[in-house]
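The values are calculated or read from the model by the stated rules, or taken from the named source; none is laboratory data. Every value quoted in this text rests on a predicted model; they were computed, and no experiment measured them. Note: ideal-geometry Cβ built from the backbone for every residue, glycine included; neighbour counts use all protein chains shown.
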């Protein structure tokens, strides 16, 4: 089952050892962060996908555009891109960022780094959250990063595979239909699990396409080497 993407994990290891600079994606993948600026990204109207659906419902295209401009002005002042790295400055109550492009079925990789006590996540297709946090931070996070939160039900990772805080880590995330697989630093932590429906108070089916979201959560964050391979039709 996993033979098709083991090669991608090998590439991930090479990316994790790279310098902070733009890296070319391997064959079949393409960059969703150009390594220089955030022109392909925007602020997320709300970090809860259910709320995004609610606050935009019934608005005209012009009203949504204006709301998006206001969110971008507030959010992108605290997310910066330099030398191939996206950095979030840790300001409290500042929103997430998301790709302007939406995706269906895909494989993606991303390197990430957090400080002591850090907390973040990657939302593939806007849900669920692939959790990032300091494994020594207490509470549920003693299980390590890579589990599915905001999923209904949440699914913990199979093992703790985090590198020490302050070092780079690499996610491999595969999402096909409503199934998701996650590897952290080459270790399988989520194995083809069914994602929940965290959309509009669980009453409506989630969209078949959505953005890739990077979560802000009150601590400095760093991301690099965000590459994706679309798998539409699979």
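If you check residue 107 against the conditions, is it in contact (Cβ under 8 Å) with a residue 24 or more places away in the chain and assigned to a strand (DSSP E or B)?
The answer is yes for residue 107.
I need the full set of residues from the stretch 25-59 which are within 20 Å of the chain's Cα centre (by Cα) and modelled with pLDDT under 85, in order please.
The answer is 26, 47, 48, 49, 50, 51, 52, 53.
Just one of the numbered conditions (1) in a loop (DSSP other than H, G, I, E, B); (2) crowded, with 21+ Cβ neighbours inside 10 Å is not true of residue 131; which one?
(1)
Across the stretch 73-92, what is the number of residues that are in a loop (DSSP other than H, G, I, E, B) and under 18 Å from residue 121 (Cα atoms)?
Number satisfying all stated conditions: 6.
Looking only at the stretch 172-203, count every residue that is modelled with pLDDT of 90 or more, touching a helix residue (DSSP H, G or I) at 6+ places or on another chain (Cβ under 8 Å) and surrounded by 20 or more Cβ atoms within 10 Å (Cβ to Cβ) and tell me the total.
7
Take residue 146 and tell me if it is crowded, with 23+ Cβ neighbours inside 10 Å and on the phi > 0 side of the Ramachandran plot.
When the stated conditions are applied, residue 146 passes them.
Out of the residues in the stretch 159-171 that are in a loop (DSSP other than H, G, I, E, B) and touching a helix residue (DSSP H, G or I) at 6+ places or on another chain (Cβ under 7 Å), state the one that is modelled with the highest pLDDT.
168
So residue 116 clears everything in (1) within 23 Å of residue 218 (Cβ to Cβ); (2) surrounded by fewer than 18 Cβ atoms within 10 Å (Cβ to Cβ); (3) under 19 Å from the mean Cα position of the chain (by Cα); (4) at pLDDT below 95 except one condition, right? Which one?
It is condition (3) that residue 116 fails.
Among the residues of the stretch 66-83 satisfying the criterion of being within 17 Å of the chain's Cα centre (by Cα) and within 23 Å of residue 24 (Cα to Cα), which is surrounded by the most Cβ atoms within 10 Å (Cβ to Cβ)?
My answer is 79.
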